[in-house]
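What follows is a set of notes on a single structure, which appears directly below.
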Amino acid sequence: MSGGVGGDVGGGVVGERLRRWRLVLGAEGGDGTGCRLDGRDAGMDAALSALYGGGGGRKRAGDRSAGLGGSAPSVARWLGDIRTYFPASVVQVMQRDAIDRLGLSTLLLEPEMLEAVEADVHLVGTLLSLNKAMPETTRETARAVVRKVVEQLEKRLATRTRATLTGALDRSARVSRPRHRDIDWDRTIRANLKNYLPEHGTVVPERLVGYGRAAQGVKKDVILCIDQSGSMAASVVYASVFGAVLASMRSIATRLVVFDTAVVDLTDQLDDPVDVLFGTQLGGGTDINRALAYCQSKITRPADTVVVLISDLYEGGIRNEMLKRVAAMKAAGTQFVTLLALSDEGAPAYDHEHAAALAALGAPAFACTPDLFPEVMAAAIEKRPLPMP
């Protein structure tokens, strides 16, 4: 942050420290600092006070601010101000606070407002929750905002995901007794370097490494089973993007299933993750057992299938049946992964009892960041221990 500090406050480190405290505390709380803000700092302070303070001061927990109210023009001006004064990461946090704490969600139903906001995963989640109430005049603008975020995520995640999973698929297809024409000589030599005979200048290949004969077809089936309750909004966004990336790989047959108390198969829309997202309905109850029953019915090659359940595990269905289904899938050879969250938000709230029960079945549940997800999938494909965060 930058700007001038006047009055009796001296310059240097002490002055900068007091200036920052003045911006943190606000006008009422900051009187004791002796700082006077002007220029850019004054504008920054006004933007902060509009959201977090009432009458110039900061807002206590539970209070409402009078700084923004429900006026679309004033909110639009404020959105422009915070983009001027703060970096994008801070703007996104402030937007989220304005939506959550000041009840501004309905203003996002206006195209002019959507054009003014800084788009991110959390904004997409809010728009999806408002999807059913969205007027037609706003829908296309909302889709444009969602598409912008999705394209950014695909650009960030797609290349690494494809590279990681292609390597995992190749490794999972290797065999230890290959035909001569199927031998991977590079990896065979590296695997047998300990058997190098310097006097003969050669390596004795005790172990051959090769590729399986089914290398050209579909190698793995992946079923993404996503809880679309309101608390899982960010996970739904990321999972939809990953689903589209996986579906673009010919060697993986991907199915995407979302659920609350009902189950919806969105596999046919995987070529466009925006269509997938607008096909979800955030909120409602949760019936994990029903969703897993549907997924189980779609498994035709258990030993070559990975089921990824993304849920906070707050089950509204039949708990014992849910656990029996997981046990049955694992007994048949299916790899089963439980992610409590697929987001950058940190430790999620989840049902600890259900998580412990799944862990006892050999299906530990853990939160996963989007950057770690390719490694988790690679480990599941290769049937090796999952990389816990």
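Cross-link partners for residue 148 among the lysines, with Cα-Cα distance under 17 Å and sequence neighbours closer than 8 places in the same chain left out, do not exist in this structure.
Around residue 228, with a cut-off of 12 angstrom between Cβ atoms, what is the net charge of the other residues, counting Lys and Arg +1 and Asp and Glu -1?
-4
In summary, the lysines within cross-link reach of residue 155, defined as a Cα separation below 29 angstrom excluding same-chain residues under 8 places away, comprise 132, 219, 220, 383. Counting Lys and Arg as +1 and Asp and Glu as -1, what is the net charge of the other residues whose Cβ lies under 12 Å from the Cβ of residue 252? Residues close to residue 252 contribute a combined charge of +3.
For segment 322-389, GluC sites (Glu not before Pro) are listed when DSSP marks them as loop and at most 10 other Cβ atoms sit within 10 Å of their Cβ; the list is empty.
No lab work stands behind these numbers, since they all come straight from the coordinates. These numbers come from a predicted model, not from an experiment. Don't worry about glycine lacking a Cβ; one is built from the backbone with ideal geometry, like all the others, and counts go over all protein chains shown.
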